[in-house]
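Here the structure comes first, spelled out in structure tokens, and everything after it is commentary.
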Amino acid sequence: MKTKTVRVPRDIMEILEVLSSMLLSAPNFVDKTGYFPHRNLDYAFRQLNEGLNFNRPTLGEERFHELLRMSDDMRALFEADPEDKTGDTLKGCKIIHAMEDILRQVRREN
């Protein structure tokens, strides 16, 4: 099967949009509409992490590493609760909100 090319977020606003879509599709990130059959947990986190890396100069090293750590923690929580039954999905969603707060701060500063 051919790997789908990831659409990388090019600015902070696009990363915020990715995070919003992640909230809606957590914890397994499968597209229920059928329009994006390639979308899954791996795709979602690859898109987020590549977006963070692309925007690394804007974020600064400290924020970049903090957001990357948060992304890793969030992924582990979603993987641990694929059916949204243990509460780890909620914890992962709280990390998304914290990441959004950091990114909004970056937007205000720039």
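Apart from one condition, GLY34 fits all of (1) modelled with pLDDT under 95; (2) touching a Gly at 6+ places or on another chain (Cβ under 6 Å); the exception is (2). Checking THR86, THR58 one by one, the residue that is at negative phi and not in a helix (DSSP H, G or I) is THR86 and no other. Mind listing just one residue for me: the one in segment 20-50 that is part of a loop (DSSP other than H, G, I, E, B) and among the aliphatic types (A, V, I, L, M) and, of those, most open to solvent (accessible area, probe 1.4 Å)? Filtering segment 20-50 for residues that are part of a loop (DSSP other than H, G, I, E, B) and among the aliphatic types (A, V, I, L, M), the one most open to solvent (accessible area, probe 1.4 Å) comes out as VAL30.
The values are calculated or read from the model by the stated rules, or taken from the named source; none is laboratory data. Keep in mind the model is a prediction, meaning the values are calculated, not measured. Quick reminder, even Gly has a Cβ in these numbers, built from the backbone with ideal geometry, and neighbours come from all protein chains shown. What goes into the accessible areas is simple: the full protein's heavy atoms, side chains included, and nothing from ligands, DNA or RNA. Shrake-Rupley method; radii C 1.70, N 1.55, O 1.52, S 1.80 Å.
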